[in-house]
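All remarks here apply to the structure that follows.
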């Protein structure tokens, strides 16, 4: 905070830091701008406040449009351990791919816009039942018409980009980027905590971000006033800003390539070269697609058993990779934690079959767990 500011400015800055909604942040920033002393020493601060205010107003307008679109169309709720969206241009083969993966009977036709509203199917991966949603065809140069696609994609865990080798997939990816959805981009590894001394402090940016420290600090000030930000993975300054922005969605994605029989090998090779940062799988390779989906979701399946009985291999529990016995207990029943005594584990994470473990034990895929409670 600059020196010689008014008490009104200081109070507005505190309201900004404590604000929980965009509207509250905007109101506090407007008050900060109104009460900040106007002299040469505060020029940079006033410019920074104006930039932050403009960004928040744009985000508020975007959210209003998103809510309006969601209110006028069928809504999708996440009702499984993972929600997967199928995205593509009209007549790209989305319905055919989903039918092949799930056994559903979504309408398939040789003309575009067969899917006019989201269509939901269930993808069964070794007993794990996941939602697979076909979104209406993406329309080029019509950002507002695609608002529903963006809104549903924001609650998804994985995107299947279904396309043939001839479609302008770059334009689809660019449109999602404009909507602040980063397809198949890794979120930079950063640790953020409050700066007790005030201001912005950046740790570890050298040789990690290809930008000057002043640029990094200026980017951070768009979102924070008091913060210590430790950067732990390489990224661009643009990706750094996206990671700080709470409205950014980082969405893993796989490309499913259709109509490969209509393309030459040279055309397919050229397509793979253009999108080499994506995993690309032909739509005919069902098992390879399913394996890639499971790997990309970073889920594990856990089976439960009761003492003296066989494990329930047809009813797995899905958890995020790195989950513990405590995470599994919380998903089964809220009383398991209170009444927990110990658990026994069979599988890759067990030192030996039936090993006795506590709540902090880290589970691995296809472990079998037996809870013992009071």
ask   = Among 339, 326, which is within 32 Å of the chain's Cα centre (by Cα) and in the same structural domain as residue 307 (by TED's automatic domain parsing)?
value = 326
task = Could you please let me know if residue 293 is buried (at least 19 other Cβ atoms within 10 Å of the Cβ), at pLDDT 95 or above and in contact with a helix residue (DSSP H, G or I) (Cβ under 9 Å, 6 or more places away or on another chain)?
result = yes
query = If residue 281 satisfies every condition in (1) touching a residue at least 40 places away in the same chain (Cβ under 8 Å); (2) farther than 21 Å from residue 361 by Cβ but one, which is the exception?
reply = (1)
message = Tell me the residue from 59, 31, 13, 24 that is part of a helix (DSSP H, G or I) and loosely packed, with under 15 Cβ neighbours inside 10 Å, please.
response = 24
request  = Quickly run through segment 220-232 and pick out the residues that are part of a loop (DSSP other than H, G, I, E, B) and surrounded by 14 or more Cβ atoms within 10 Å (Cβ to Cβ).
outcome  = 222, 223, 224, 225, 226
Test: residue in segment 152-162 that is in a loop (DSSP other than H, G, I, E, B), touching a residue at least 24 places away in the same chain (Cβ under 8 Å) and over 23 Å from residue 256 (Cβ atoms) = no
ask   = How many residues are in a helix (DSSP H, G or I) and without any contact (Cβ under 8 Å) to a residue 12 or more places away in the chain if we restrict to segment 235-269?
value = 5
request  = Check whether at least one residue in segment 204-219 is touching a residue at least 40 places away in the same chain (Cβ under 8 Å), not assigned by TED's automatic domain parsing to the domain that holds residue 141 and not in a loop (DSSP other than H, G, I, E, B), and report yes or no.
outcome  = yes
message = Against the conditions (1) closer than 17 Å to residue 186 by Cβ; (2) crowded, with 16+ Cβ neighbours inside 10 Å; (3) at pLDDT below 95, where does residue 251 fall short? Just the number, please.
response = (3)
task = Please give the strands (runs of 3 or more DSSP E) falling wholly within segment 280-374 in which 1 or more residues are over 30 Å from residue 255 (Cα atoms) and in contact with a strand residue (DSSP E or B) (Cβ under 8 Å, 6 or more places away or on another chain).
result = 299-304, 340-346, 355-357, 367-373
query = Here are 121, 128: which of them is at pLDDT 85 or above, surrounded by 20 or more Cβ atoms within 10 Å (Cβ to Cβ) and touching a helix residue (DSSP H, G or I) at 6+ places or on another chain (Cβ under 9 Å)?
reply = 121
inquiry  = The conditions are (1) in contact with a strand residue (DSSP E or B) (Cβ under 9 Å, 6 or more places away or on another chain); (2) part of a loop (DSSP other than H, G, I, E, B), and residue 166 fails exactly one of them. Which is it?
reply    = (1)
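The values are calculated or read from the model by the stated rules, or taken from the named source; none is laboratory data. This structure is a prediction, so every number in the text was calculated from the model and none was measured. A quick note on method: Cβ atoms are made from the backbone with ideal geometry, for glycine too, and the neighbour counts reach across all protein chains shown.
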